[in-house]
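Have a look at the structure below, then the notes.
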Amino acid sequence: MSDLLDEALKNPPRFKRHRIHKAHGSGAVRNATINSNINVTPLVDVVLVLLIIFMVVTPLITRGMPVEQPMTRYHDKKNDSGEQIVVSVTCEGGKMGAVHWECGQARTFVGSELANDDTLGDMVQKEMRLGSGNREVHVKGDRKTPYGAVRHAMELINRSGVTSVALGSDEIKEN
């Protein structure tokens, strides 16, 4: 046994060496073919995930508090640039009366912050100073809210120095 070990140590077995080709040298890889097929599956997966994300997020983008605005047939459409100050007048509580819905309590929000008669003007002025200076104020009044509550909010905004207020409405879709 030791004779075989001594012979193996003196004359180690020879293995065929493989030649290593460098990628940047000439004759880099012989007999290689270029795969020009596009794997579409990952692309489709990414597009479907983005589509689902946009479908979920898009309804949540509304600014201000969610309200059911009055429906109008003819009104000017203005794109939301993000610069507008959104004041929402919502109807909290309430019940169905003999003829129509009766609102329990009207609440006013600037953006998503609750405001009262004392703080509404100050909050609007604070928002006016944050922007470029000539920001528009948009009032979104819930259609269940009494007209007097929306008008009172507009008066408070006017007293704070804002001269132009836009009222929001939803368009009646005609088929």
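When residue 67 is tested against (1) loosely packed, with under 10 Cβ neighbours inside 10 Å; (2) at pLDDT 75 or above; (3) in a loop (DSSP other than H, G, I, E, B); (4) of a type in the set (Val, Ile, Thr), just one condition goes unmet, and that condition is (1). When segment 70-101 is filtered for residues that are surrounded by 13 or more Cβ atoms within 10 Å (Cβ to Cβ) and modelled with pLDDT of 75 or more, the ones remaining, listed by number, are 70, 84, 85, 86, 87, 88, 89, 90, 91.
The condition (being on the phi < 0 side of the Ramachandran plot, at pLDDT 75 or above, exposed (fewer than 10 other Cβ atoms within 10 Å of the Cβ) and of a type in the set (Phe, Trp, Tyr)) is satisfied by just one residue among 109, 54: 54.
The values are calculated or read from the model by the stated rules, or taken from the named source; none is laboratory data. These numbers were taken from a predicted model, which means no experiment stands behind them. As a convention, Cβ positions derive from the backbone with ideal geometry for all residues, glycine included, and neighbour counts pool all protein chains shown.
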